[in-house]
Amino acid sequence: MKTLVSVIAYNEESNIRATLEDLRTHNCGFDIVVIDNGSRDATAAICRDLGVPVVSHCINTGGSMGTVTSYFNYAYHHAYDCLCQFDGDGQHLATELPSIIAPVQRGEADYVIGSRFLAKEGFRSTALRRIGISSFSWIVSSIVGQKVTDVTSGFRAYSRKVIEFFGAYYRYEVHDTSQLLLLSHFGGARIAEVPIRMRERAHGKSEYGLRDAFVFPLKGILSITGALLQRQQIQDGRR
Ligand SMILES: Nc1nc2c(ncn2[C@@H]2O[C@H](COP(=O)(O)OP(=O)(O)O)[C@@H](O)[C@H]2O)c(=O)[nH]1
Ligand SMILES: [Mg+2]
């Protein structure tokens, strides 16, 4: 199975080298691409220096979800069967990749979430963000009819089915992780979660701030509504 790990990065010059070295040390047979979301620092130069392919946006998309369309297009056009999203800030562990990829490799799932809340180990975000995560996980669970505990986790694996859905069928931007999951589900993806551990950032801080604590829930609700409005059209398109 041809597998791609897509590292998403924005101004991660102090973390990207260690992230890529972690992936190289624990490479279980995947290719790597970095989606550089318009960084203004040395992120892209460091990747090139290490010989890792980089797709650089000319401008920052204003949030990490702007990298999603780019990596799906890359994976679709390079004929990958399995694709993982992996953070460039070092919070994700390369040693966890085999367990996140396994359900896709076994043909059991199309959209696998690495959940911080199944094993209850490692870094699990701030209290405020945990409230948001559990609220959106609850909303999404009730729509898909299956328990999802960590819908916002950025550690995910997708099968070819999801790669094709976003690479060749769904032509709009995706703004939110709940929307991404729902669109995939409406497109026929089987969802699964596996327990993973995350660690805290080694350097720098999350670009998301207090303003995002208000913007994210609003964006989430609007994006979920949008996905629900597109549900019928997507399901008809599958027939
Ligand atoms: N904040 C932010 N992160 C981005 C963007 N594009 C890519 N990323 C990457 O997305 C990942 C998650 O972002 P981060 O700020 O650490 O968010 P958090 O881990 O959810 O607190 C990191 O690897 C970032 O480098 C962007 O436009 N904004
Ligand atoms: Mg982070």
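Quick note: the coordinates plus some simple rules give every number you see, no bench work behind them. Predicted, not measured: the structure shown is a model, and the values here were computed from it. Because the Cβ atoms are built from the backbone with ideal geometry, glycine has one as well, and the counts that use them run over all protein chains shown.
What number, rounded to the nearest 500 deg cm²/dmol, is the helix-based mean residue ellipticity at 222 nm of the chain, given -39500 (n - 2.57) per DSSP H run of at least four residues and division by all its residues?
That comes out to -13000 deg cm²/dmol.
Once you have the alpha carbon radius of gyration of segment 3-238, what is it after dividing by 2.2 N^0.38 Å, with N set to its residue count?
Working it through for segment 3-238, the quotient is 0.94.
Considering only C-alpha atoms, what is the centroid distance from segment 181-234 to segment 1-60, in Å?
Cα centroid of segment 181-234 versus Cα centroid of segment 1-60: 22 Å apart.
By a straight-distance test (C-alpha under 22 Å), which lysines pair with LYS2 as possible cross-link partners, with residues fewer than eight away in the same chain excluded?
Straight-line reach from LYS2, under 22 Å: LYS161.
Could you order peptides 181-187, 101-107 by the average number of other Cβ atoms within 10 Å of their residues, highest first?
Answer by packing, highest mean first, reads 181-187, 101-107.
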